[in-house]
Amino acid sequence: MCSSDLLSEAEIALVRRWIEQGAKNDWQRSSENYSAEHPPTYSRLPTITSLDFSPDGKTLAVPGNHEVLLLDAQSGQLMRRLIGATPRVESVRFSPDGMRLAVAGGLPGEAGELQVWNAVTGDLIFSSFVSHDTIFGASWSPDSKRIVYRAAHPTDPAEVERYKDLLAQHLVEPGQLEIFVMNADGSGQRPVT
């Protein structure tokens with residue numbers, strides 16, 4: 001770590017003040033319903049949390065807000081917009097056979113979604129809200145038949161109730177992320193850890 005990575009005294013004071021005031025999650029859900037006819041627009045560039053080349057190297061998947069942009073890897077020209085429900089895309093990953101694209105993300109502190117798209121036609125194969133929080137790190141098995149991802153899945157009724165109570169107060173607390181695997185069609189979801 002270099003000294004430029006350290007927080008300034010003003011930044012530390014700001015974080016302390018936020019904690020003292022209850023550390024409320026002030027993230028706001030978008031009320032927009034996006035589609036191909038009504039795509040997201042940007043006043044500033046979105047945070048890019050993941051990038052992936054198609055196996056043939058011709059296409060680049062780039063996350064946006066509520067969407068993934070498929071770009072020609074040589075020219076950078078937009079080829080297709082894959083518009084979905086997830087406002088914050090955390091992970092994009094082409095299947096090894098190049099036929100599908102896994103998209104992981106969600107609403108921080110509210111819901112996690114896994115989308116699988118046909119990478120050739122741009123059709124949504126399935127979308128599944130699989131967690132009470134954003135999911136991360138979607139990846140494919142070498143044979144393109146399974147997907148693995150990280151998520152928090154509270155299962156104990158008391159744990160779920162506590163989670164919902166905190167959300168009602170616009171609060172979150174750190175939870176345990178587990179690793180899950182499912183079939184590429186969305187069936188057979190099970191924990192690995």
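The values are calculated or read from the model by the stated rules, or taken from the named source; none is laboratory data. Since we're looking at a predicted model, the values are computed, not measured. FYI the Cβ positions are ideal-geometry reconstructions off the backbone, even for glycines, and counts take in every protein chain you see. The area values use the complete protein model at the heavy-atom level, side chains included, leaving out ligands, DNA and RNA. Shrake-Rupley method; radii C 1.70, N 1.55, O 1.52, S 1.80 Å.
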### Task
May I ask for the angle, rounded to the nearest 10°, between helix 157-168 and the longest principal axis of the chain, with both axes built from Cα atoms and the value confined to 0 to 90°?
80 degrees
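Can you check what the net charge comes to around Val92, using other residues whose Cβ is under 14 Å from the Cβ of Val92 (Lys, Arg +1; Asp, Glu -1)? Present the calculation step by step, with values, prior to reporting the outcome.
Values: positive: Arg80, Arg81, Arg88, Arg93, Arg100; negative: Asp52, Glu67, Glu90, Glu113.
Within the 14 Å Cβ shell, the charges total +1.
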### Message
Rolling a 1.4 angstrom probe over the protein chains, ignoring ligands and nucleic acids, what is the accessible area of Arg80 in square angstrom, nearest 10?
### Response
80 Å²
### Query
Using unit Cβ charges (K, R positive; D, E negative) and no other charged atoms, how large, in debye to the nearest 20, is the dipole of region 101-167 about its Cα centre?
240 debye
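Per residue of the chain, what 222 nm ellipticity follows from adding -39500 (n - 2.57) for every DSSP H run with n ≥ 4, rounded to the nearest 500? List each step's numbers first, then the result.
On the way: 2 runs with 24 residues, N = 193.
About -4000 deg cm²/dmol.
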### Query
When the Karplus curve 6.51 cos²θ - 1.76 cosθ + 1.60 is applied with θ = phi - 60°, which whole-Hz ³J(HN,Hα) does each residue of region 33-46 get, with x for Gly and Pro?
10, 8, 7, 4, 7, 9, x, x, 10, 10, 8, 8, 5, x
### Task
Show the residues, 5+ positions off or on another chain, whose built amide H is closer than 5 Å to the amide H of Gly112.
Leu107, Val130, Ser131, His132, Asp133
### Query
Between (1) 30, 22, 17; (2) 36, 19, 16; (3) 71, 21, 14, which matches semi-axes √(5λ) of the Cα gyration tensor in Å calculated for the structure shown?
(1)
### Query
What list of ³J(HN,Hα) couplings, whole Hz, do you get for region 88-101 from phi and the Karplus terms 6.51, -1.76, 1.60, once you set θ to phi - 60° and write x for glycine and proline?
10, 8, 9, 8, 10, 8, 6, 5, x, 7, x, 8, 10, 10
## Note on the structure
Neighbours of Leu60 by Cβ distance under 12 Å: Lys/Arg at +1, Asp/Glu at -1, summed charge -1
### Query
When the chain is modelled as a GNM with alpha-carbon springs shorter than 10 Å, which of Phe53, Phe136, Phe94 fluctuates the most?
Phe53
### Query
Taking amide hydrogens as modeled 1.01 Å from N in the peptide plane, which residues meet the under 5 Å criterion relative to Arg146, leaving out close sequence neighbours?
Ser141, Ala184
### Query
What is the Cα centroid distance between region 40-63 and region 116-162, reported in whole angstrom?
19 Å
### Task
With a 1.4 Å probe and every protein chain left in place, work out the accessible area per residue of the chain in Å², rounded to a whole number.
61 Å²
### Query
Carbon-plus-sulfur fraction of the accessible area of the chain, 1.4 Å probe, in percent?
52 percent
### Query
Which one of Thr47, Leu7, Ala73 is farthest out on the positive end of the charge dipole of the chain, using unit charges on Cβ (Lys, Arg +1; Asp, Glu -1) and the Cα centre as origin?
Ala73
### Task
Search the structure for amide H atoms under 5 Å from the amide H of Gln189, placed 1.01 Å from N in the peptide plane, and list their residues when 5 or more places away or on another chain.
Asn183
### Query
What's the local net charge at Ser187, with K and R +1, D and E -1, over the other residues with C-beta under 13 Å away?
+2
